[in-house]
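Here's the structure we're looking at; comments come further down.
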Amino acid sequence: MIIGVAIAADPLLAATQGRRRPTPPPDQGKTAEPTVPAPKEVEKKAAGKTTQLQLSPAETIVETTIFAYGGRKQLDTVRASIEEDGNIRLATDQGDLSGSYVLRSMRKEKTWLDLLRVDIELKPAETSSASAPSAIKYIIAYNGASVWSAQNGQYVNPRAEAETAFRAQMTHEYMALLRYKEDGSKLEMIGPETVVGVDTNVIGMTNPNGEKTRYWISTKTYRIVYAEYELQLGEKKAPTKYRLAYFYTPFRVVQGTLVPVRRVMTQDGKFVQEITLGNINYTAKLDPEVFQHLQEQ
């Protein structure tokens, strides 16, 4: 998801310091809601028949959210290998760029260990110049040990801030919250908040690496409306705040799991990236080698 920020930090491509523009509110949708249990039912099921385990208010909300997205077992099984195809739009100094987007991922024991690869092909801005650049093909991937990248079929070294931005999607996006227990992350209740007319509960999550994320969860649908976090992209730079807005219209359930089909990112309040998913293939048959080096898709 954060591929646009990773590209922005790469010296070979234009920086995403886009024009400030309003971000449209997440659409909670008018279609049928997924079935979710009442919070007390979740707490009862989680406690089990033979234990007196009590969930905190934050854990109760997140466990209910996990049910709303399909349940822990279904998510674990279906999202073990992922391929999501769609379109991407990025804001740059030269204007918006758009193109195709492919994300592939294989689940490991912890979110920050997942194998991950994103391929994009960006069309250059329209120009009358005969020397206008051709389409840019960019790849960035995590192979289990390090982040590597390539542009137009040639390996390039990602800058430190590009690697930081790219890795962030493994530990800050919505799936990181749904895997909080497996990761050993800690949850806290920040409090209720109404955003764009939607009543939400704000949950703070801290993973074992000390990374913090806030999530806004609808009190009605238990869908994640926003995720927000900060990244330090340079020793002498102030932290950069990222916010992801998740949209669920048109309503999509893929292999029994709920999917936010459009995702909009802002950076310090400025629009930088929008991804709209088309084809979604979970339990995809992926060759692990695709995460290791350049290959044809």
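Tell me, which residue of the stretch 220-250 that is hydroxyl-bearing (Ser, Thr, Tyr) and surrounded by fewer than 18 Cβ atoms within 10 Å (Cβ to Cβ) is nearest to Ala168 (Cα to Cα)? Across the stretch 220-250, the extreme among qualifying residues is Thr240. Among the residues of the stretch 73-80, at least one is under 17 Å from the mean Cα position of the chain (by Cα), buried (at least 17 other Cβ atoms within 10 Å of the Cβ) and assigned to a loop (DSSP other than H, G, I, E, B). Here Val118, Val62 are screened, and the one residue that is assigned to a helix (DSSP H, G or I) and at pLDDT 95 or above is Val62. Of the residues contained in the stretch 95-116, none is found to be β-branched (Val, Ile, Thr) and over 17 Å from Phe166 (Cβ atoms).
I'd like the residue in the stretch 251-275 that is of a type outside the set (A, V, I, L, M), within 12 Å of the chain's Cα centre (by Cα) and assigned to a strand (DSSP E or B) and, out of all such residues, is surrounded by the fewest Cβ atoms within 10 Å (Cβ to Cβ). By that ranking, first place goes to Arg262.
Scanning the stretch 206-250 for residues that are part of a strand (DSSP E or B), in contact with a Ser or Thr (Cβ under 9 Å, 6 or more places away or on another chain) and basic (Lys, Arg) yields Lys212, Lys241, Arg243.
The values are calculated or read from the model by the stated rules, or taken from the named source; none is laboratory data. A quick note: this is a predicted structure, and the numbers were derived from the prediction, not measured. So basically every Cβ, Gly included, is an ideal-geometry build from the backbone, and we count neighbours across all protein chains shown.
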